[in-house]
1. Return the residues of the range 22-39 that are assigned to a loop (DSSP other than H, G, I, E, B) and either modelled with pLDDT of 95 or more or exposed (fewer than 12 other Cβ atoms within 10 Å of the Cβ) (or both); say none if nothing qualifies.
2. How many residues are modelled with pLDDT of 90 or more, under 14 Å from the mean Cα position of the chain (by Cα) and assigned to a loop (DSSP other than H, G, I, E, B) when one looks only at the range 1-21?
3. Can you spot a residue in the range 50-61 that is at pLDDT below 95, part of a strand (DSSP E or B) and out of contact with any Leu (no Cβ under 6 Å at 6 or more places or on another chain)?
Amino acid sequence: MICKCGGVLNVIRVETPPKHLSKQEKLVYSRLCDVECLNCEKIYYSQPFDDGNRLNIAKDLRRGGD
């Protein structure tokens with residue numbers, strides 16, 4: 001993520017999913033985070049962290065990466 005000033009945004013806090021959710025519901029819960037610009041030190045609150053998406057599927061590079 002990039003700040004309006006062009007600096008890189010660093011995650012400083014990530015929301016914890018509510019305790020009443022099941023393990024499955026926690027996997028798809030859309031967490032929010034707070035980020036701070038490493039250049040101008042501006043803080044942006046309640047930014048999307050993972051949108052409830054699961055981990056990205058990675059290529060199996062052992063097969064040549066195709």
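1. SER22, LEU38, ASN39
2. Total satisfying the criteria: 3.
3. So far as the range 50-61 goes, no, none of its residues is at pLDDT below 95, part of a strand (DSSP E or B) and out of contact with any Leu (no Cβ under 6 Å at 6 or more places or on another chain).
The values are calculated or read from the model by the stated rules, or taken from the named source; none is laboratory data. Computed from a predicted model, the values in this text were never measured in an experiment. Backbone-built Cβ (ideal geometry, glycine too); neighbour counts: all protein chains shown.
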